[in-house]
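Asker: Please see the structure below; I have some questions.
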Amino acid sequence: MRADVAADIQNIFNDLDRATAEKYLRLTIQKYGKSVLHLSAWQEPNLPEKFTFIEFSIKHRYFIQTTYLLERVNREI
């Protein structure tokens, strides 16, 4: 079940446009709405705010999604 949930959430964020990501989010909420109620309750208010980065180009998404830069700064401090 965990692998399925992780794959579904990853599919939401792999899309190239916000409308498709929101569609997959609605489908995922419906899919787990009865079996994993707390997951659906968490996804609905929290995941849409993460869609902002989808509006950036693919090239910029890599830098937004990774924490490498933050880890490097923390090591230097």
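Asker: Test of understanding: among Leu70, Leu25, Leu37, Leu47, which residue is touching a Pro at 6+ places or on another chain (Cβ under 8 Å) and free of Cβ contacts under 8 Å to residues at least 40 places away in the same chain?
Answerer: Leu25
Asker: In region 27-77, what residues are within 16 Å of Asp8 (Cα to Cα), open to solvent by 90 Å² or more (accessible area, probe 1.4 Å), under 13 Å from the mean Cα position of the chain (by Cα) and not acidic (Asp, Glu)?
Answerer: Trp42, Lys50
Asker: Just need a number here: residues in region 12-48 that are more than 23 Å from Arg61 (Cα to Cα) and among the aliphatic types (A, V, I, L, M).
Answerer: The total comes to 6.
Asker: Same structure again: Restricting to region 18-77, name every residue that is of a type in the set (Ser, Thr, Tyr) and in contact with a helix residue (DSSP H, G or I) (Cβ under 8 Å, 6 or more places away or on another chain).
Answerer: Correct list: Tyr24, Thr28, Tyr32, Ser40.
The values are calculated or read from the model by the stated rules, or taken from the named source; none is laboratory data. What you see is a predicted model, and the numbers here were worked out from it, not measured in a lab. So basically every Cβ, Gly included, is an ideal-geometry build from the backbone, and we count neighbours across all protein chains shown. Ligands, DNA and RNA are stripped out before the accessible areas are found, and what is left, the full protein with its side chains, is counted by its heavy atoms. Shrake-Rupley method; radii C 1.70, N 1.55, O 1.52, S 1.80 Å.
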